[in-house]
Structures are given as structure tokens and as C-alpha cells.
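Asker: Provided herewith is a single structure, encoded as C-alpha cells, for subsequent inquiry.
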Amino acid sequence: MSADAAPGPAPSTARRLHDVPTVPGAPKPDPILVADKVSRRFGGLTAVDVDHIEIQRGVITALIGPNGAGKTTLFNLLTGFDRADTGSWTFEGTPLAGKPAYRVAHAGMVRTFQLTKALSRLPVIENMRLGATGQRGESLWRAMLPFTWRAQEAAITERADELLHRFKLHALRDDFAGSLSGGQRKLLEMARALMSEPTMVMLDEPMAGVNPALTQSLLGHVKDLREQGMTVLFVEHDMDMVHDIADWVIVMAQGSVVAEGPPDVVMADPVVIDAYLGVHHDAPATEAEERQQLAEVESRLEKEFSSPDDDSEAAEPALGARDEH
Amino acid sequence: MAIGVVPRVARTLALVLAGLFVAVLAGAAFAPLAQASGSTESIRGTLEERTADDERIPVPGVRIAIEGEGFEGEGVTDENGDWLVELPGPGSYTAALDESTLPDEVVLRDAEDNPWSGEVRTGRSQVVRFNLGEGVARSASTLDRILERGSVGLRFGLLLALAAVGLSLIFGTTGLTNFAHAEQVTLGGLLGYTFAAGMGVPLVLAAVMVLIAGALFGWTQDAALWKPLRRRGTGIIPMMIVTIGLSLFARSVVQAFYGSSPRSFPHRSPVVDLGPTRLTVYDYVTMGVAAALLVAVAYVLLRTRWGKATRAVSDNPALAAASGINVDAVVRGVWTVGAALAALGGMFLGLSQQVSAQMGVNMLLLMFAAVVLGGLGTAFGAMAGALIVGVFIEVSTIVIPTEIKNVGALAILILILLVRPQGMLGRRERVG
Amino acid sequence: MDWNSLVANSFHAAFGVNAIAYAIAAIGLNIHFGYTGLLNFGQAGFLAVGAYGTAISIVHFDVPYFLAALIGMSMAVLLALLLGLPTLRLRADYLAVATIAAAEIVRLVIGSTVYARWTGGSSGFSGAFSNAFYNANPLPNETLHFGPVSVTPNRAWFMIVGWSLVAVIALLVWLLVRSPWGRILKGIREDEDAVRSLGKNVFARKMQALIIGGVIGSIAGIALVTGERAVLPNVFGTQLTFFFWTLLLLGGVARVLGPVLGAVILWLVFAVTESILRSGASAGWVPEALVSQSQIGLIRVMLVGLGLMLLMIFRPQGIVGDRRELAFDVR
């Protein structure tokens, strides 16, 4: 763990985290997102059961945990892509629980996805333009009257071009997004999210599937977001990266928050090491392990047929490998 | 897309089509070519009594008087209930059914039908329908009617389940919504008719032959068309549209050879008087066979290695493949078994109702309803869904007209999609 | 071969009632599938409610033709709402099954004897309902001749109005799909979750697309029955929807003029095959039975089925489609 590679303590807000106790659900001096008693069950299994969580404004917070810990599910709940069984949360003081995903985005909380969602058969520039909010021409009636939205469209295009330059995608401006490489798609998705001028960006595994050459550039962009005053919450597996850019780390295991604190503190925490080593069985190393996994799947199938109400996600721990690779 | 695979797919496609033609030609040898309608105008129709259990019995010897454009003529129904009156030219005509020539136990369902009047256009053979039903003498108490309809529904539900299991299994293992599944039912019905009625093969042997023919058809279809398409990485939606094309093509080829008029098996079996129910011996036998086969499918899925592999593929093909399961072999098996069961279901349905080129497609949406109701992709769901749909359709005829009984089932299909899209036994999928 | 009749038949097939109605219906379907990615397999149902809404208003309530057409179109709005509310939140293939079921419900209900008092049952309505349209014909009352092609004044009137309608609708669609609104539709087609994450109300846009495509479908239905001067329930079977799909794939998905091109080509192919078969029959090398009215219909379905399979396998982008757009596996 290369402590010297860590960034200098970022703006004043990050420094204010020094006084925050390193306990799960610790209160923050200036939280942008506060969630209480958020739970989501699939069949008989609890995927998420978070008692209390606060995200500090203007810093980069990492959300880590073993497969099936419920990180992506929590993301889905907070951003309106899944419905929580219980719980409430506020973003900048506005309650968002139960709000549809597009309202969440309108409120200024924009997310990306683990499996990149580039809009393949649209050119890169159209992907970007789509990200802008409050477009007049998105109303059905005004759409038919181009003169009502032409000026705004030009302004949006200008902003999109600037962002494309910044993300070094400008040469691909008129290519179909589907022709981009995995890393370029991640960049495009991030740039597109910025088109909506969010206050908080939620990145679901921004580094997954990105070739090493692009990693540094992506890292730089994430840090840039903080410099520009945005709040970042991201899910990541790569501990070096977490250590490198996160100001604060929240650890989840089996659906709840088990630890939080600055990267150095958290990574030395025995609870965290336990959580990782205890449940971790990502990528079976031997044939025996592989057979063991198949047996698990089979026994789960048996169970499913006896209890029809089960959900596929009930098996997140067993099948986590599929989703989080 | 790789250029190399195109000729292979073209070749295999040609193979499927050729195979289809051969199969149909074989059937056509025993079925006369469709009657070509004449070029002059005429009025025609078929008089059938529609009994409470939806059997259609032709009514012969009924007189229909035609009048119009200075012309007067009369038609008499033959032993198939068919009648036809040639006209001197286009124009407006009336057709009046002489109710005194109807048998005593048969009545006109809707007095407004008689007389019919309307336009006959140039070159058209206008079809006039008179709906006939059972006379009042046969009506019974509500409970009796529910039992009676329920028994018919149970029979239909079992046969529907037999036909729909394959649809569900194929969806489960490959994600494909197979619109051409209907044609496998039709194929079974028509081949069964050809074997048993055309060639005089005993019914039991004919059923076995249909089962084998269906299996062969399913195997060949997957080998020649679907597997190559999967290999090419053709998406699910394009494949679904290919099944629609195949369905339209196969149905029109079959209809070109068998004609459009429905046929009935000449085989008759006595009615078993069991309370108010009026099912025949054949009905009980086909229900028994269907139930036994469904139990066998369930056993295979739950207890055998192949069945477990099938369920593993349905659950997660990638993981199943990674675990050493031969996904292609599983899918091939599913196509073979599914098509065989659908074909047998078609023959059994033909035995109790009629066979025609449209029989499969007429029940396709009911199969979808059954599969969706039970939960897409779960074999057990399809079985349960089919039984419910079958009984619901038949019992509902006590309240709604028989003619639109399927509307109820289709409305339920849409309702289920609203309330519980994963069906009764299905699982919800992951979002995001 | 009789070249004159081939030319005349081809003209009427490529530019006649069917080509016009099919082109309009497929433009609507193109909004659904081509731009928004909605698998609507029940377009025939929208045509049916349009046609019957119009005909019933005229026959039973004496409503003026134009107002009746508006009523027919509002029926399509109603159908789209009924259909969209439960199904638009669901996966693509569920929508496919739901739409095909809804269209069948519409067809079964309008064709049944139960409501025959209103719908005319299986024999529908004769041509009288469209009299107002033809009475408004300003053309001189004499048949026009262009070489071997002759066009009656009523036919000419219908073709002028019909193709103008095609042009106006195509123009509207062109404006719509080039706007930010159209961009959202295309985004939804590619990945609706991504669009949702960018703050767009996906459900509302899908509903708008379903309604607009459906209303365009109902216009096609009104055009079809006005041109044919008859309203028959069995015209609106599922097969009709699949004809639209075929011509849409033939002409090019997500192209404004794709459906128009597809409709013209489809009907040209029908006319030419029919001519070849007929001249073959009179020359004796095609059995007479093959060219009867019902068999010609079957041959059309056969061609459509085969065409649908081959197009989907070998040229899913259609004749004028852009191959690049299909280079990526989207779903």
C-alpha cells in the first residue's frame, strides 16, 4: 500500500473528515446524502439492511465489500432503479425514497453502471447531447418546431464538445458509440453523466474492464470531479485504486455497513479483513471449488422449486460471481 | 458479422425448408388439393350444431332459400353441412334458412341471423353463417353446467399443457419466444389425421408416429436453423422475428396442401355418463396420456441429470456452460421433446375437435397465456397455467358467449402482465 | 406475358390503396420499433379501432366523415393507453405478447355476433360509410388513361389524398425523430436504463411513442377501409401486422422513408408474382388451381414468411439500411 501515492488532503471539506469517528454510520459534518434503515429483501434473503449512512459533500467516498455484499443493490435503491422495502433517505435535504430514477437524476444525483451502457447505435456526440437536462425540444409539441430549440441545441453541443475534448474522445465525436473500446465507453458514460451538471456522481465499478493504459486517465477524471466541487461515491474492487483516490471508505458485508473510515484505517481493520477473507470466493481457483459452486447452484435450484416465491437475486452470494466480474 | 457463416446458414435454411416441403408433401399425398373456388359469384356456408362441449356436428338436409337481383334459388346442406348456391352475378341478396327443416334438437342461436342479407361482390363466394345450438331440452342446472364445462376445460387444459410445455422450456433455455410453436401443434394434428384417417393406421400407432415425427421435426429444426443462428450470435429479437416468418411460411405451405377447411377424425367413441359430464372414452384416454407425460416431464426435470442440467441452463446459461454443462445438447433435447409433445397435443386436440392448418395458431395465444400465467420459462408454471386457462375458458362460457370465450383468457393474459409479470411461479429479474 | 396488364397491375399495386395504407401503418410501427424499440405485434389492432371507430360513427351516429376519422384516431389513443399502462414497464417480449393479444381481442370482439348490432359482425360494413369522402371528389368524372394504366376518378382522388397523407405523416416523423424528443426515443431503444439515469422520464416518452405510432396506425386503418370501401373484421388479423413488419424490415428500420419504400416494393413483388403465375397458368405450366383467389393470398403469405426469415437472417438492416448500425449487438 503506497501511502506516498495518495493525493494530498483535498480541499477543506476532506480535512473536516479527520474528526469523524471511524464507526459504521458515523455522522459527517456536512452530509449531502443521509439514509436511514434502508432494507431490501429478495425472497428470504436480505440483500441490503443499512441502518444509517451519511456521505460527506465534496469528497470521494468509496463503497467496498466482498461479492454479494449488496453494494450494487444499495446503489440501485438510492438511485431509484430498485424499490426499497423500508427506509428513507434525503439528498441535499430533499427526501428521495420512492422517487423514480429520472427524478433522482433531476435532483442532481447521477449514476453510471457496472456494465457500461453506451447507446451503441447513436453517435458519440448524440450520446453526449442526450445527457443535458431541461431541453426544450424534449417536449413532444416543441419537437416539431425546430426554431424553438435550435439555439439551446447549439449551446448543448458546444458544452458536449468541450467535455469530449477534456475526456480525449473528440476524435470519435461522430462515430457510433458501439464502436468504442471498453475504456472509451467508461469515459463516454462519465462524460455523458456530467452533461446533466450533477452535484453528486455515483460510479458503479468505474475501472471494471478498463485496460491499464486508460486507468490513470480515468483516475484523473474522477479526481477532477472532486476539484470541481462534485461529490463522488463509487463502488470498486481494486484496493490500490481505492487507496489512491478515496478520501473516505465505507465497507459493506452481507447487506450492512460493517466499517468506515479513511482508507489506511479501514484497510487495517480486522473486521474488514475478516469480511473479505471470510466470504470471498470470487473466481474459483481449483476444479474442486468449481464443482462446489455447481453443487451450490443445484441445491439452490432445488430450493427454488419448493419455494416458488424466490427471486434470482436471492442467490446473490452464490451467483455474485456472475454479476460482479 | 463473419462472412463464412452466411453460406452455412443459407444451406441449413434451405435444408429446413426442403424438409418442411417433404413433410407436407407426404401428408398431401393423402389429402386432396384444396378446392379451387370458381370465378363466378356464389353464396355458401356450413351448417354445424355447436354443442355445449364445443363439438361441431354437421347438420344435413336443411334448406336455404336465396333471393335477389331477380334471382331465386335454393340450397340444401349435404352430409358435411355444406351448402352452396351459384349466383347469376354480383349484387344484393338475401338468404333465408327454413327453420322447419332443422332437426328437433337443433335451434338457431340468434334469430336475428335469419334471414341474412348483404352484398355479394364480383368474383366473391360470400360465406353466410347461421349459428346453431342445442335446443332448450338439453339445458341443465348451473352446478351441472359448471361441472360439465369444467370437465371439458380440464381436458383442454391438459392438452394445452402438453402443447405449451415445449414453448416454456425453449423460452427458459434459450430466451426465445417461439411463434412457430403453433405450427408444431398443427403438424401433429394434420399428420395424426393423415396417418389415422388417410392411411388407416390404428390410433395408438398413429399417436406414436406423430410423437416420433414431432421429435424429428424439433431435432432437425434446431440442428438446421436455430443452432447455426445461435452460433452466429443472432440476437433474441431478430430470432423471434425469424420464428414469425417460419410460422407464416409453414402455415401457408401446409394450408396450400391441406386446404383451409377443417377436417374431423372419423373415429368416434362412446360418451361416458359420469354425473353431468359428457366426455368420451377417447377424451379420458387422451387426458390420461397427457397427464402421464406431464408427470414424466416433471420427473425428468427434477430427478435426472439431464433435467437438472436443463434447469441450470434456464437459470444461467453462462454459468452452466462454465460448469461443464453442454448447453447445445440441452437445448437440442428441449427442442426435440418440446416439439414431440406439441405434436402429440395437436393430434389429441384434433381427435376431440377438428384439425386444420389454423388449429395451432388459433391456440398460440392461449399457450402464451398459459406460459405467462405460470411464469415464463418455468415448465411447472406452464402446466399449472394451462390447466387454469383451460378450465377458465370453458367455465366462462356459462356467462359469456362461446364465440368470444378466448377473449377472457387473453384479457387475463394482459392482466397478469400488469399485476405479476413474473407469473405464478416465475422469478423477477434483476434491474440495473 | 401480357405486358400491358403487368404494367397496369404493378401501378395499382405499388401506388394503390394497399400500398398507401401499408406504408402509413408501417410508419407508425417504425416509431414503435425502429425508433423506440417497442415490439408492437398488434399494429393491426390499431388499424381496426381506427377503421371501426370511423365506420361506426358514420353508420350509427351520422357523424361527418372527417369528424368520424378523428373519433377513430382517438380510439387508437385509448387503445394505446390501455395497452401501454400495464406493459410499457415490462420487458420487450412481454409487450410483444400483450400487443398481439390485445389486437386479437379487438378482432374477436368486433367480428363476433354478440356486438353485431354495432359492428356488423363477420360481414362488417359495406361501402356506404365512405360516400362522403368520394362525394368530395373535385376531379372531373372521367377515367384517366396513362398508356396501359387507367385510373377511375374515385381511385385517382383516393390516391392523391392518400399519398399526400403519406407525405405529411413522413414529414412529421422526420421532424420528430431529428429533435431532442426523437433522441430520447433512440436512447430508449438502445438502453432505457441509461436514459433513465440521465433524468429522462422513459415511461412517458414510451407512452407518447406508442400513442403516436398507434394513431398513425389508425389513420392507416381508416385509409384502408375507405379505399376498399368495406370494413371486414378478418382483414385485421395478426397476419396483417406481420406484413407491416416484413415491409418495414424490407425498406429499412429507423429510416423515415423506409416504410414507404418497403410498402411499394412489397406490393410490386405481389403484383409481379401474381402476373407471372397467371400467365404461367394460361400458358399451361402452372396448375390453374394455384391462381385462384385464395391460393394467391396464400402465396403472398408464403412470400412474406420467407421474406421475413431471410431478411432477418441476412439483411436485418433492410434494403436502404445502414449496415454500420447493426455492427454492434445491442441486446
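Coordinate-derived values only; no laboratory data. Owing to the predicted nature of the structure, the values given are computational and were not obtained by experimental measurement. For neighbour counting, all protein chains shown are included, and Cβ atoms are generated from backbone atoms with ideal geometry for every residue, glycine included.
Asker: Tell me, what is the percent relative contact order of segment C:26-161, built from C-alpha pairs under 8 Å that lie six or more residues apart? All intermediate terms of the calculation are to be shown ahead of the outcome.
Answerer: Working: 134 pairs, mean separation 29.5, N = 136.
Rounded, it is 22 percent for segment C:26-161.
Asker: OK, next. For residue B:45, which sequence-distant residues (separation of 5 or more, or a different chain) have an amide H within less than 5 Å of its own amide H, given hydrogens modelled in the peptide plane?
Answerer: Here B:83, B:128 satisfy the definition.
Asker: For segment B:222-230, take each phi angle, set θ = phi - 60°, evaluate the Karplus expression 6.51 cos²θ - 1.76 cosθ + 1.60, and give the result in whole Hz per residue in order, putting x for glycine and proline.
Answerer: Per-residue couplings from phi come out as 5, 5, 8, 10, 6, 5, x, 5, 4 Hz.
Asker: For residue B:316 and residue B:199, FRET efficiency with R0 = 35 Å and r from the beta-carbon atoms, rounded to 0.05?
Answerer: Efficiency at R0 = 35 Å is approximately 0.15.
Asker: Distance in nm between label sites at residue A:264 and residue C:164, each 7 Å beyond Cα in the beta-carbon direction?
Answerer: Each label point lies 7 Å from its Cα, and together they span 8.1 nm.
Asker: Which listed residue (A:160, A:125, A:147) has the Cα farthest towards the positive end of the charge dipole for segment A:121-179, taking +1 on Lys and Arg C-beta and -1 on Asp and Glu C-beta about the Cα centre?
Answerer: Positive-most Cα among the choices belongs to A:147.
Asker: Average partner chain C-beta neighbours within 10 Å, per residue of B:297-309?
Answerer: Average neighbour count from other chains, rounded to a whole number: 1.
Asker: Here's another thing I want to ask about it. What's the local net charge at residue A:101, with K and R +1, D and E -1, over the other residues with C-beta under 9 Å away?
Answerer: With Lys, Arg at +1 and Asp, Glu at -1, the neighbours total +3.
Asker: Would you work out the charge dipole size for chain C about its Cα centre, treating the Cβ of every Lys and Arg as +1 and the Cβ of every Asp and Glu as -1, and quote it to the nearest 20 debye?
Answerer: 760
Asker: For every helix of n ≥ 4 consecutive DSSP H residues, a contribution of -39,500 (n - 2.57) applies; sum these over the protein assembly as shown, divide by its total residues, and give [θ] at 222 nm rounded to the nearest 500 deg cm²/dmol. Don't jump to the answer; show the numbers that get you there.
Answerer: On the way: 40 runs with 589 residues, N = 1088.
Result for the protein assembly as shown, helices only: -17500 deg cm²/dmol.
Asker: Could you point to the residue in A:59, B:217, C:211 farthest towards the positive end of the protein assembly as shown's charge dipole, with +1 and -1 charges on the Cβ of Lys/Arg and Asp/Glu respectively?
Answerer: Positive-most Cα among the choices belongs to A:59.
Asker: Mind putting a number on the dipole of segment A:121-179 about its Cα centre? Charges go on the C-beta only, +1 for Lys and Arg and -1 for Asp and Glu, and I need it in Debye to the nearest 20.
Answerer: 100
Asker: Hey, can you rank B:215-228, B:352-365, C:279-292, B:177-190 by average C-beta count inside 10 Å, highest first?
Answerer: Going by the mean number of other Cβ atoms within 10 Å, highest first, we get B:177-190, B:352-365, B:215-228, C:279-292.
Asker: How large is the charge dipole for the protein assembly as shown, taken about the Cα centre, if only the Cβ atoms of Lys, Arg (+1) and Asp, Glu (-1) carry charge, to the nearest 20 debye?
Answerer: Working: 84 positive and 97 negative charges, 366 e Å.
Computed charge dipole of the protein assembly as shown: roughly 1760 debye.
Asker: Relative to a virtual label point 7 Å from the Cα of residue A:88 in the Cα→beta-carbon direction, which members of segment A:94-120 show backbone nitrogen distances below 12 Å?
Answerer: A:94-98
Asker: Explain nothing, just compute: Karplus ³J(HN,Hα) = 6.51 cos²θ - 1.76 cosθ + 1.60, θ = phi - 60°, for every residue of segment C:93-106 in order, whole Hz, x for Gly and Pro.
Answerer: Per residue, the Karplus-derived 3J(HN,Hα) values read 6, 5, 4, 4, 5, 5, 5, 5, 5, 4, 5, 5, 4, 4 Hz.
Asker: Using the charge dipole of the protein assembly as shown (Lys, Arg: +1 at Cβ; Asp, Glu: -1 at Cβ; taken about the Cα centre), state which of A:20, B:207, A:169 has its Cα farthest towards the positive end.
Answerer: A:169
Asker: Rounded to the nearest 10 degrees, what's the angle between the helix C:153-177 long axis and the longest principal axis of chain C, both from Cα atoms, 0 to 90?
Answerer: 20
Asker: What is segment A:150-259's relative contact order, in percent, from Cα pairs under 8 angstrom and six or more apart in sequence?
Answerer: After rounding, I find 21 percent.
Asker: Can you tell me what share of the DSSP beta bridges in the protein assembly as shown is antiparallel? A percent to the nearest 5 is fine.
Answerer: 75
Asker: Right, here's the next one. Assuming 0.36 nm per residue, please report the length gained on full extension of the stretch residue B:99 to residue B:329 beyond their Cα-Cα distance.
Answerer: Additional length available on full extension: 76.7 nm.
Asker: Something else: Amide H neighbours of residue A:65 under 5 Å, at least 5 residues apart or on other chains, H built in the peptide plane: list them.
Answerer: Those qualifying (amide H under 5 Å, at least 5 residues apart or on another chain) are A:252.
Asker: Would you grab the residues whose amide H sits under 5 Å from the one on residue A:256? Only those 5+ places off in sequence or on another chain, please, with H modelled 1.01 Å from N.
Answerer: A:49
Asker: Quick one: net charge of residue B:340's neighbours, Cβ under 15 Å, K/R +1, D/E -1?
Answerer: Net of charged neighbours comes to -1.
Asker: Relative contact order for chain C: what is it in percent, counting Cα pairs under 8 Å that are at least 6 residues apart?
Answerer: Answer for chain C is 32 percent.
Asker: How high is the FRET efficiency between residue A:158 and residue B:400 when r is their beta carbon distance and R₀ equals 56 Å, given to the nearest 0.05?
Answerer: Calculated value: 0.35.
Asker: Identify all lysines with a Cα-Cα distance to residue C:206 below 22 Å; exclude those on the same chain that are fewer than 8 residues away in sequence.
Answerer: Within reach: A:99, A:117, C:186.
Asker: Would you mind counting up the charge near residue C:308? Only other residues with Cβ under 13 Å from its Cβ, with Lys and Arg at +1 and Asp and Glu at -1.
Answerer: Numbers: positive: B:251, C:300, C:315; negative: none.
Around residue C:308, the charge tally is +3.
Asker: Residue by residue through A:94-102, how many Cβ atoms from other chains fall within 10 Å of the Cβ on average?
Answerer: On the way: counts 0, 0, 0, 0, 0, 0, 4, 12, 11.
For this peptide, the per-residue mean of nearby foreign Cβ atoms is 3.
Asker: I'd like the Karplus ³J(HN,Hα) series for segment C:60-70: coefficients 6.51, -1.76, 1.60, θ = phi - 60°, whole numbers in Hz, and an x wherever there's a Gly or Pro.
Answerer: In residue order, the calculated couplings are 8, 10, 6, 6, x, 3, 5, 5, 4, 4, 5 Hz.
Asker: Is there a simple number for the mean count of other chain Cβ atoms within 10 Å of the Cβ of residues in A:71-80, and what is it? Mind dumping the intermediate values first?
Answerer: Working: counts 0, 2, 3, 0, 1, 4, 1, 0, 3, 3.
Per-residue shielding by partner chains comes out at 2.
Asker: Taking 7 Å along the Cα-to-C-beta vector as the label spot, tell me the residue B:304-residue B:80 distance in nanometres, rounded to one decimal.
Answerer: 4.2
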